[in-house]
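Worksheet: the structure to be examined is printed underneath.
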Amino acid sequence: MRNIDKFRGCLIGGAAGDALGYAVEFKREDEIFSEYGKDGITEYDLILDDDVAEISDDTQMTLFTAEGMLLAGNSTDNTGYISSIREMYQCWYQTQSEKYPVKGTNHCSQLMSVPELFNRRCPGMTCMTEIKAGANGTVEVPINDSKGCGGVMRVAPIGLFFADTDTSYEESDMLAAEAAALTHGHDLGFIPAAALVHIVRAVTESDIPLKAAINDSIAAMEKLFPKAEHISEFTAIMQKAVQLAETEQDDLSAIHQLGEGWVAEETLAIAVYCALKYQNDFDMALRTAVNHNGDSDSTGAVCGNILGAYIGYNSIPKKYKERLELHDLICEISNMLCKE
């Protein structure tokens with residue numbers, strides 16, 4: 001029996017981390033603490049929009065990934081899923097390059113009927129450029145040498161889609177890698193995506209301890225990509241994140257050792273550190289994930305995906321659900337993934 005609470009937790013948690021971090025995405029630590037106080041940003045900043053806490057391109061693309069999976073249904077192999085995901089990414093590109101409503105275009109995306117998704121929220125240039133060109137990259141034939149976090153921050157729905165199914169972890173992990181490789185060709189651009197999906201699926205379909213799920217994902221990536229040029233770098237930074245989460249070191253010092261999150265392996269490592277260290281405190285996990293020098297919305301989003309899937313929607317503090325942009329739509333998409 002699939003756990004709808006965990007499905008909603010994953011996507012709402014990701015959107016919450018995204019929205020919290022979006023307000024400070026391009027601010028350095030001194031700016032953040034000067035503006036928001038010694039604890040940094042701890043509540044949604046509604047200055048951008050008086051009514052809602054705005055999501056960024058991270059959650060937008062996550063929703064289009066989910067729709068790609070739903071439209072593909074029970075495809076017989078990963079080719080069908082990738083084709084559908086590619087088509088939905090091209091629909092997302094239209095929301096970023098055209099005005100609502102898009103006329104004279106035949107498309108099957110229901111998300112294109114949502115006017116709020118036609119807002120540009122600092123979309124990644126690699127995603128925009130490569131999707132415009134067709135998003136034709138693969139793991140075997142890389143489209144570029146980018147390892148930006150645009151691949152990892154959007155794939156969590158793949159882990160949900162295959163939770164409690166007979167599909168092997170190898171297949172779902174590889175699908176996540178291929179989904180990221182559509183736009184990001186460096187092996188550290190797509191391996192973290194596969195690892196995130198592995199973690200999300202593991203904690204969604206079982207009561208496995210979070211640390212065990214993370215360590216299992218590291219081992220799985222070594223098995224899945226044994227010949228990848230940078231697999232040892234991936235393993236090292238992930239193991240470092242796990243080790244740091246078990247120390248008493250202050251959070252900023254620990255995060256500085258992992259990077260800033262502009263590239264995918266750093267994004268996942270920072271998210272893993274925060275989720276693991278504060279696995280019983282969603283609020284503190286998200287706050288830690290966004291209050292640093294780097295790509296705050298992406299590290300917040302991925303942390304929220306992981307911890308939200310682990311603890312479930314009902315355990316996410318109320319303040320992260322209220323005024324969250326497209327909250328009800330995100331829950332609806334979660335319900336659809338759960339029933340698929």
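We did not get these values from a lab; they are worked out from the coordinates using the rules stated. Note that the coordinates shown come from a computational prediction; the quantities given were computed from them, not determined experimentally. As a convention, Cβ positions derive from the backbone with ideal geometry for all residues, glycine included, and neighbour counts pool all protein chains shown.
If I stretch the segment between Ser168 and His107 completely, what's the gain in nm (0.36 nm per residue apart, minus their alpha carbon distance), one decimal? Walk me through the numbers on the way to the answer.
Values: separation 61, 0.36 × 61 = 21.96 nm, distance 3.10 nm.
Difference between extended and current length: 18.9 nm.
Using a cut-off of 23 Å between alpha-carbon atoms, which lysines can reach Lys99, once sequence neighbours fewer than 8 places away in the same chain are excluded?
Lys132
Sorted by mean Cβ packing within 10 Å, highest first, what order do the peptides 213-222, 256-265 take?
Details: 213-222: 19.1, 256-265: 21.9.
Ranking, from highest mean packing down: 256-265, 213-222.
Using the Cα centre of segment 216-266 as the reference point, and only Cβ charges (+1 on K/R, -1 on D/E), how large is the resulting charge dipole? Debye, rounded to the nearest 20.
Details: 3 positive and 11 negative charges, 63 e Å.
Value, rounded to 20: 300 debye.
Please tell me which of these pairs span more than 21 angstrom C-alpha to C-alpha: Lys147/Lys240; Lys6/Lys319; Lys211/Lys277; Lys211/Lys240; Lys211/Lys339? Let's see the in-between values first.
Values: Lys147/Lys240 19 Å; Lys6/Lys319 18 Å; Lys211/Lys277 10 Å; Lys211/Lys240 13 Å; Lys211/Lys339 28 Å.
Too far apart for the 21 Å limit: Lys211/Lys339.
Using θ = phi - 60° and the Karplus curve 6.51 cos²θ - 1.76 cosθ + 1.60, what whole-Hz ³J(HN,Hα) does each residue of segment 22-32 get, with Gly and Pro shown as x?
4, 5, 10, 3, 10, 9, 7, 4, 4, 5, 4
Per-residue ellipticity at 222 nm for the chain, helices alone: DSSP H runs ≥ 4 residues times -39500 (n - 2.57), over residue total, nearest 500 deg cm²/dmol? Each step should come with its number before you reach the end.
Values: 15 runs with 199 residues, N = 340.
Dividing the helical sum by the residues of the chain leaves -18500 deg cm²/dmol.
Label-point separation (nm) for Lys223 and Asp250, each offset 7 Å from Cα along Cα-to-Cβ?
For the pair Lys223/Asp250, the computed spacing is 4.1 nm.
Pull out the extension gain between Asn335 and Gln239, defined as 0.36 nm times the separation in residues minus the alpha carbon to alpha carbon distance; nm, one decimal. Please list the in-between numbers first.
Details: separation 96, 0.36 × 96 = 34.56 nm, distance 3.35 nm.
Here the answer is 31.2 nm.
Amide H to amide H under 5 Å from Asn293: which residues, 5+ apart in sequence or cross-chain, H placed 1.01 Å off N in plane?
Residues meeting the criterion, in which the H sits 1.01 Å from N, are Glu29.
Around Leu324, which amide H atoms from residues at least 5 apart in sequence, or from another chain, sit under 5 Å from its own amide H, with H modelled in the peptide plane?
Long-range HN contacts for Leu324: Ala53.
What is the gain in length, in nm to one decimal, between Ile4 and Ser75 on full extension, counting 0.36 nm per residue of separation less the C-alpha to C-alpha distance? Walk me through the numbers on the way to the answer.
Working: separation 71, 0.36 × 71 = 25.56 nm, distance 2.24 nm.
Computed gain between Ile4 and Ser75 is 23.3 nm.
Which ³J(HN,Hα) values in Hz, rounded to whole numbers, follow from the phi angles of segment 154-159 under the Karplus curve 6.51 cos²θ - 1.76 cosθ + 1.60, where θ = phi - 60° and Gly and Pro get x?
Computed from phi, the couplings for segment 154-159 are 10, 9, 3, x, 5, x Hz.
Peptides 175-185, 139-149: what's the order by average Cβ count within 10 Å, highest mean first? Spell out each step's value before the answer.
On the way: 175-185: 27.9, 139-149: 18.5.
In decreasing order of mean packing, 175-185, 139-149 become 175-185, 139-149.
Report the residues of segment 6-44 in range of a label on Glu322: point 7 Å along Cα→C-beta, backbone N strictly under 13 Å from it.
43-44
With r defined as the distance between the Cβ atoms of Glu140 and Lys99 and R0 fixed at 35 Å, what FRET efficiency is calculated, to the nearest 0.05?
Details: r = 37 Å, r/R0 = 1.07.
Between Glu140 and Lys99 the formula returns 0.40.
How long are the three semi-axes of the equivalent ellipsoid of the chain, in whole Å, if each is the root of 5 times an eigenvalue of the C-alpha gyration tensor, listed from largest down?
Working: eigenvalues 134, 111, 75 Å².
Working from the Cα gyration tensor, I get semi-axes of 26, 24, 19 Å.
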